[in-house]
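Heads up: the structure comes next, in structure tokens.
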Amino acid sequence: MHMWLLITAFGDCSVLLPVFLVTAAWLISRAATRRNGLLWILTVFICIAVVGLSKLMYMSWDIGIPGLDFSGFSGHTALSSLIWPLVPALLIPERNVLLRRTAIALGVLLAVGVAASRLGLGVHSISEVILGGMLGFGFTAGFFFKLRNTTPRNSAPAWQIGISLLLPLLLCYGHTFPSQQLLKDIAISVSGHDTVFNNAPGTRY
């Protein structure tokens, strides 16, 4: 159980959102990668919106897939599958082929580990994790098709980028973003109900 908690923390929005914002800042700060930065922001926000909408549909009106025990995409899984493989793809120059591919592979493995941790902790059904992974990796695959000029020749030194990404991990790892409570508040507001639908109270998010 303790191992799963250590792994699942890498999929919490308290870590993923700062990493996403730092990556976006590096990309937008340079003209050569500004297009990728804007596409990166749009992709992540659409993924978050899809995950959030799927959860709100269930919380607000009990709309899910009962036969699959599905009450919303696993947010940890979906965002990990999108962010961890793409961060190295966006920030490591294409000329560093081995390093880039290795880092992307490690990102994929970390995302798979986060997905496994959601099952190990019992906070999501198999369908929610699998479909969350399909959603995240689907966005990742689509992004790769659009990816161009990932890092210009005058990009910042690797140590600067590394430190800027390490800081969110050191400062935010282990914290929990209140996404579940936020979604509950929104669901109650839009549905007009006194409470939300939840087939596993206090665990599904």
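Okay, here's what the table says:
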| item | result |
| --- | --- |
| Gly132 vs. criteria in contact with a Ser or Thr (Cβ under 8 Å, 6 or more places away or on another chain), surrounded by fewer than 16 Cβ atoms within 10 Å (Cβ to Cβ) and either of a type in the set (Gly, Ala, Ser) or without any contact (Cβ under 8 Å) to a residue 12 or more places away in the chain (or both) | no |
| Extreme residue, farthest from Gly72 (Cα to Cα), among residues of the stretch 167-185 that are assigned to a helix (DSSP H, G or I) and in contact with a helix residue (DSSP H, G or I) (Cβ under 6 Å, 6 or more places away or on another chain) | Pro168 |
| Of the criteria (1) touching a helix residue (DSSP H, G or I) at 6+ places or on another chain (Cβ under 9 Å); (2) in a loop (DSSP other than H, G, I, E, B), which one Arg95 fails | (1) |
| Where Pro201 falls short, out of the listed (1) of a type outside the set (A, V, I, L, M); (2) at pLDDT below 80; (3) closer than 22 Å to Gly52 by Cβ; (4) surrounded by 14 or more Cβ atoms within 10 Å (Cβ to Cβ) | (4) |
| Arg35 being surrounded by fewer than 16 Cβ atoms within 10 Å (Cβ to Cβ) and basic (Lys, Arg) | yes |
| Residue among Thr102, Thr140 that is in contact with a helix residue (DSSP H, G or I) (Cβ under 7 Å, 6 or more places away or on another chain), modelled with pLDDT of 85 or more and assigned to a helix (DSSP H, G or I) | Thr140 |
| Residues of the stretch 1-38 classified as among the aliphatic types (A, V, I, L, M) and outside any helix (DSSP H, G or I), total | 1 |
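Residues are listed down the side, and each one gets a yes or a no for (1) among the charged types (D, E, K, R); (2) in contact with a helix residue (DSSP H, G or I) (Cβ under 9 Å, 6 or more places away or on another chain); (3) surrounded by fewer than 17 Cβ atoms within 10 Å (Cβ to Cβ):
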{"residue": "His2", "(1), (2), (3)": "no, no, yes"}
{"residue": "Ile7", "(1), (2), (3)": "no, yes, no"}
{"residue": "Val19", "(1), (2), (3)": "no, yes, no"}
{"residue": "Arg30", "(1), (2), (3)": "yes, yes, yes"}
{"residue": "Leu42", "(1), (2), (3)": "no, no, yes"}
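The values are calculated or read from the model by the stated rules, or taken from the named source; none is laboratory data. Please read all numbers here as calculations on a predicted model, not as lab measurements. Please note: Cβ atoms are built from the backbone with ideal geometry, for glycine as well, and neighbour counts cover all protein chains shown.
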